[in-house]
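Trainee: Submitted below is the structure of interest, expressed as structure tokens.
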């Protein structure tokens, strides 16, 4: 089924159904949360019963977005749900416990823009060229002529803004800019949204950044940059995991760096690699070598083992990509 037919099928289901569950991946970002809030609030205003569901409570700073208080950690499965909308999630495994809890509800409608999406849904609206899932949600709302106001517009704006790095990354398209402008016409204040989800920092984040910058390593003649965050650094700074958002960009923007990686410790011998590339390397394909995925310029994966060995393995593989062997 092509994009237009899939879009229309989704709109048909949303118009005919009475109740829907919306969710996104664990450790959600601004695109996942913003997309949930925008589509969820639009469907509620259209008279639908909606459950916005996450495995855990909404993490800061996204809890500052309008409607974040509507997100729940439990769902009443006695209700006759007409479907599950899974937003901004490339793989069913990224849903965590939510996937198991919702296995009996069908159809699953998978709406995403990751090029590594496994198309796990019964219906899959996947657009890797899209700037964000928020852009796809905008398309659904417009196609279905569902309600939109300033609160709904804030979710769409935040989704696009966060996934384009405040309209700086190379996934920033003219379409994304036009949608953002439309959201401003609905009353969104870009400065207020930026302060909520991008630039409003606690001192703990700056303490964590100070520690992180001291770990920067450069390899392969300065083309690979790595930064490391241990659990001890988070504890010493009094910071949470989301305080490290976009730290990888400090390495990415060093002149000459093509591949940047932030390695964050998530548990005993457990680590999350966040990868960014600038021009030459497909970050999603690099992450795929380690069981991960993502976008051409932004991807990641989880792994377990000795930090030095994991780092050396990544550097070797990244070097192969730089040399055109992948």
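The values are calculated or read from the model by the stated rules, or taken from the named source; none is laboratory data. Note that the structure is predicted; figures quoted are calculated from it, not measured. Because the Cβ atoms are built from the backbone with ideal geometry, glycine has one as well, and the counts that use them run over all protein chains shown.
Trainee: Scan the range 228-240 and tell me whether some residue there is more than 15 Å from the chain's Cα centre (by Cα), under 19 Å from residue 28 (Cα atoms) and modelled with pLDDT under 95.
Mentor: Within the range 228-240, one or more residues are more than 15 Å from the chain's Cα centre (by Cα), under 19 Å from residue 28 (Cα atoms) and modelled with pLDDT under 95.
Trainee: With the requirement that a residue be surrounded by fewer than 16 Cβ atoms within 10 Å (Cβ to Cβ) and touching a residue at least 12 places away in the same chain (Cβ under 8 Å), what does the range 174-185 give you?
Mentor: If the condition is that a residue be surrounded by fewer than 16 Cβ atoms within 10 Å (Cβ to Cβ) and touching a residue at least 12 places away in the same chain (Cβ under 8 Å), then 175, 184 are the ones that fit.
Trainee: Same structure again: Taking the criterion of being on the phi > 0 side of the Ramachandran plot, surrounded by 17 or more Cβ atoms within 10 Å (Cβ to Cβ) and over 15 Å from the mean Cα position of the chain (by Cα), would at least one residue in the range 40-62 satisfy it? First the steps, then the outcome.
Mentor: Residues of the range 40-62 on the phi > 0 side of the Ramachandran plot: 47.
Still in the running and surrounded by 17 or more Cβ atoms within 10 Å (Cβ to Cβ): none.
No; the residues of the range 40-62 include none that is on the phi > 0 side of the Ramachandran plot, surrounded by 17 or more Cβ atoms within 10 Å (Cβ to Cβ) and over 15 Å from the mean Cα position of the chain (by Cα).
Trainee: With respect to residue 318, determine if the residue is surrounded by 14 or more Cβ atoms within 10 Å (Cβ to Cβ), over 21 Å from the mean Cα position of the chain (by Cα) and under 22 Å from residue 62 (Cα atoms).
Mentor: Considered against the rule, which asks whether it is surrounded by 14 or more Cβ atoms within 10 Å (Cβ to Cβ), over 21 Å from the mean Cα position of the chain (by Cα) and under 22 Å from residue 62 (Cα atoms), residue 318 comes out as no.
Trainee: Given the criteria in contact with a strand residue (DSSP E or B) (Cβ under 8 Å, 6 or more places away or on another chain) and farther than 26 Å from residue 239 by Cα, does residue 299 qualify?
Mentor: no
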